[in-house]
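**Q** Sharing a structure here in structure tokens format.
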Amino acid sequence: FVERNNDSEDAELRFVTCQSLWNQIKSETEQVQEDLNKQLFDNLVSFLRRSHSEFQEKTTEWTCRMKSREIPTAALVLGVNVTDHDLTFRSLSEVLQNNITPYIAFLEAKDCPGIKNLMQKLMGQLMNCYVDVDSLEDEDYVQVSQNRIRCSMTSLTNWYESVTKKTDSETPSKKRTSSSRDWQSPPVVVIFKDMESFTTKVLQDFIVISSQHIRELPLVLIFGIATSPMIIHSLLPHSVSSLLCIELFQSLSCKEHLSTIIDKLLLTAQFPFKLGEKVLQVLINIFLYHDLSVQNFIKGFQLCVVEHFYSQPLSVLCCQPVDAKKRVNSLSHDQCENIRKLPSFRRYVERQVSEKQIALLTADNFLKEVTQKLLEDLHVYHENYVSVLRCLHVFTSSLPKYPLGKQIRELHCACLENRVWETEEYESSLQLARMLNKSDLVTMLQQCVEIFVSSSGNEFDKTVERLKEFLTQFQKLEAEAFQEQDVSISSQKELQKKTDLYHLQKTLLELKESRRSKKLTKFEMLRFEVVDYIDSLVRNYLVPADHKTLHEIVYFNTASVLRGHLNAAPRIALHTALNNPYYYLKNQALKSDGGRISNKAPDICIVYKLHLECGRLINLVDWLEAFSTVVMAVEGPNADAASSDQVDDIIHARFIRAVSELELLGFIKPSKRKTDHVARLTWGGC
């Protein structure tokens, strides 16, 4: 990072700032993931404790006989985001080791093609020894210390008994409590990370064998499932699945996980770095339509952070307001010029009077003062934006059909894209909000009051007072409604008393006329006031970020660069690397003028550029002569091309290797028509 920005005077400070920011973001994401998985892990720990206690407390012979062959099994449904499963299993392993048992084994289908491989892997992990499956292909043994142990369930049971007895003998004087009792005979947990990928025969054999030793070995199975729990019954016949005591555990959906991550990373003033609408949309689209991986989303977010600090010279100011104020005072003249070049700052200057325009464009000290004020305003804008966005989401998420989306991230993208109040979806949301009933409105207002009270912004004191006034008025309306109900009942009784036809017709006509010229009720008028007030908050505080001055300092908006990093285009990258190796290697010797082929380039690059000049069939002899001409070319009068029969053996070998590499990459193939020719497979430019 620093080496590539060595021409920048603050490259090292930008690198330190980037590293510090990402460490904060990383710790926050880890904490969020830990909180999201806490309930799931607590349930799993409780399940393991129950299964373990059943193994310990065999009260009656009938209970022992009924449970003698049942293996406690947790069906852990993690979802199709397979790339996130490793992190979940690592966290689960730490929780189990801290609370339940030190004996945990992870099994993957690729390592267990047969029951013998599975037993070798299982015993190798439990006994903390290295097992070379290839070397043990014909042997059913593992090497533990100086002894060779046969890979069987009997050997595993004997090992477990010896280990638990040793543990008991080491702590004879400790008081046996309910918590320490779990460590007297801790369960052996076997986790199948990808159950769907295991073959049916391997699973059946292992379950049947394990069930025969369950009284001596407290085994607990955890099936990692990506699709549906029904896969257990699809893979295992009833005779085998009946040996399992299965309990289902469901992890949080990946979409809810993503919404929480976005809420903690982007919809907060804690981190100064922000993503622009197009960049955020690229990351969300890759998540929704590619892999549903939260970890890959976080990696993409990290890439945005690095790219922003690498490409934006003013990213040194992307920090907390206190630090930014100090750094603004130490800006050099060149950095001040970079501020003046920002498009948002140019628009800001154009709106000022002529005297201030001149001062902003010429006086660096005045520019620094204005920059401090603008960065503070930007920070305040983020604080207010988040609070009003959450309040608006309270209203829109409860509406039918979700015109602005159900998730807050969808509403956030809509607000970043343009003025949300000018969209048809927003108008539809307002119309639906004007038809909400009183109980829903009161609930929403109470939630909004909580949001604004807990907000870090300082501009919402009057807003909270106004919302509380609305709540008070709704309470008064409720009291008046009871009184009106009593009045209507009494009027109906009087109407029933009037037996005179004339008076009865007159009263009915008055009722009919009042219904025709019906005015808005007090509740409807108050409901309109509430919706209009929320609309005014939206128009004041949810202005798109690209309308704010100096937003380029904290917002990463280069979606094309991110898309180029994340959306693989292997043919373009390969063509660029072979046709212009300087693009990746940054070696000055590889710079070429025009279409000239440099003899300093790698052999495969020389061969590739020569093959672009050929037709459908390429003569290997001519190709070799051209290659040797380029390689042997030196500056000076002695730069003569060598004839084909005088080619050095080393050059010949280099040519053969380069051609083989091109064939491996799929650019050429041998021709059956002519043995001394190869056929070209790629055409056109990239």
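The values are calculated or read from the model by the stated rules, or taken from the named source; none is laboratory data. Just so it is clear, the model here is predicted, and its values are computed rather than measured. We place every Cβ from the backbone using ideal geometry, glycine too, and count neighbours over all the protein chains shown. Ligands, DNA and RNA are excluded from the accessible area calculation, which covers all protein heavy atoms including side chains. Shrake-Rupley method; radii C 1.70, N 1.55, O 1.52, S 1.80 Å.
**Q** Taking the options F249, F206, name whichever one is at pLDDT 90 or above, outside any helix (DSSP H, G or I) and either under 28 Å from I71 (Cα atoms) or open to solvent by less than 10 Å² (accessible area, probe 1.4 Å) (or both).
**A** Answer to the selection: F249.
**Q** Give me a count of the residues in the range 273-288 that are crowded, with 21+ Cβ neighbours inside 10 Å and not hydrophobic (A, V, I, L, M, F, W, C).
**A** Residues flagged as crowded, with 21+ Cβ neighbours inside 10 Å and not hydrophobic (A, V, I, L, M, F, W, C) within the range 273-288 amount to 2.
**Q** Let me ask another. Yes or no: the range 211-226 includes at least one residue that is basic (K, R), outside any helix (DSSP H, G or I) and under 28 Å from the mean Cα position of the chain (by Cα). Show your work before the answer.
**A** Within the range 211-226, the subset basic (K, R) is 215.
Now narrow it down to the ones that are outside any helix (DSSP H, G or I): 215.
Next, from what is left, pick out any that are under 28 Å from the mean Cα position of the chain (by Cα): none.
No, the range 211-226 contains no residue that is basic (K, R), outside any helix (DSSP H, G or I) and under 28 Å from the mean Cα position of the chain (by Cα).
**Q** Just checking, how many residues over the range 367-397 are touching a Cys at 6+ places or on another chain (Cβ under 9 Å) and within 21 Å of Q357 (Cα to Cα)?
**A** Number of matching residues: 3.
**Q** For the range 254-270, which positions are more than 15 Å from S387 (Cβ to Cβ) and open to solvent by 10 Å² or more (accessible area, probe 1.4 Å)?
**A** Of everything in the range 254-270, those that are more than 15 Å from S387 (Cβ to Cβ) and open to solvent by 10 Å² or more (accessible area, probe 1.4 Å) turn out to be C254, K255, E256, H257, S259, T260, K264.
**Q** Would you point out the residue of the range 556-571, among those that are loosely packed, with under 12 Cβ neighbours inside 10 Å and not in a helix (DSSP H, G or I), that is nearest to the chain's Cα centre (by Cα)?
**A** Selected residue: N567.
**Q** Please find, within the range 572-630, the residue that is farthest from D648 (Cα to Cα) out of those that are part of a helix (DSSP H, G or I) and charged (D, E, K, R).
**A** Looking only at the range 572-630, we keep the residues that are part of a helix (DSSP H, G or I), and these are 572-579, 582-585, 588-590, 603-611, 620-630.
So of that shortlist, the ones also charged (D, E, K, R) come out as 603, 609, 622, 625.
Values: D603: 15, K609: 21, D622: 15, E625: 11 Å.
Going through the qualifying residues, I end up with K609.
**Q** On the basis of being part of a helix (DSSP H, G or I) and under 22 Å from D194 (Cα atoms), does Q295 make the cut?
**A** Taking the combined requirement at face value, the residue satisfies it.
**Q** Are any residues in the range 192-201 buried (at least 19 other Cβ atoms within 10 Å of the Cβ) and within 17 Å of K116 (Cα to Cα), and if so, which ones?
**A** F192, F198
**Q** Tell me which residues, restricted to the range 522-551, are of a type in the set (G, A, S) and touching a residue at least 12 places away in the same chain (Cβ under 8 Å). First the steps, then the outcome.
**A** First, pick out the residues of the range 522-551 that are of a type in the set (G, A, S): 536, 545.
Once the filter is applied, which keeps residues that are of a type in the set (G, A, S) and touching a residue at least 12 places away in the same chain (Cβ under 8 Å), the range 522-551 yields only A545.
**Q** Can you pull out the residues in the range 572-590 that are within 31 Å of the chain's Cα centre (by Cα) and open to solvent by 60 Å² or more (accessible area, probe 1.4 Å)? Step through it out loud before you land on a result.
**A** Our first condition is that a residue be within 31 Å of the chain's Cα centre (by Cα); within the range 572-590, this holds for 572-574, 576-577, 583-584.
Scanning the range 572-590 gives I572, Y583, Y584.
**Q** Is it fair to say V306 is open to solvent by 10 Å² or more (accessible area, probe 1.4 Å) and aliphatic (A, V, I, L, M)?
**A** yes
**Q** Sticking with this one: Give just the number: which of (1) farther than 17 Å from Y555 by Cα; (2) without any contact (Cβ under 8 Å) to a residue 60 or more places away in the chain; (3) open to solvent by 60 Å² or more (accessible area, probe 1.4 Å) does K341 not satisfy?
**A** (1)
**Q** Can you spot a residue in the range 271-284 that is part of a helix (DSSP H, G or I), among the aliphatic types (A, V, I, L, M), in contact with a Leu (Cβ under 6 Å, 6 or more places away or on another chain) and over 20 Å from L21 (Cα atoms)?
**A** Looking for residues that are part of a helix (DSSP H, G or I), among the aliphatic types (A, V, I, L, M), in contact with a Leu (Cβ under 6 Å, 6 or more places away or on another chain) and over 20 Å from L21 (Cα atoms), one finds at least one in the range 271-284, hence yes.
Residue by residue, here is whether (1) outside the structural domain of L280 (by the TED database); (2) open to solvent by 20 Å² or more (accessible area, probe 1.4 Å); (3) free of Cβ contacts under 8 Å to residues at least 12 places away in the same chain holds:
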| residue | (1), (2), (3) |
| --- | --- |
| K356 | no, yes, yes |
| N365 | no, yes, yes |
| E376 | no, yes, no |
| P400 | no, yes, no |
| K406 | no, yes, yes |
| E410 | no, yes, yes |
| E422 | no, yes, yes |
| Y426 | no, no, no |
| L441 | yes, no, no |
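**Q** From the list L436, L445, pick out the single residue that is buried (at least 16 other Cβ atoms within 10 Å of the Cβ) and assigned to a helix (DSSP H, G or I). Give the steps one after another, and end with the answer.
**A** On the way: L436 fails: assigned to a helix (DSSP H, G or I).
When all the criteria are applied, what remains is L445.
**Q** Still on this model: Output yes when any residue across the range 217-238 is modelled with pLDDT of 90 or more, open to solvent by 40 Å² or more (accessible area, probe 1.4 Å) and under 14 Å from V188 (Cβ atoms), and no when none is.
**A** No - not one qualifying residue is present in the range 217-238.
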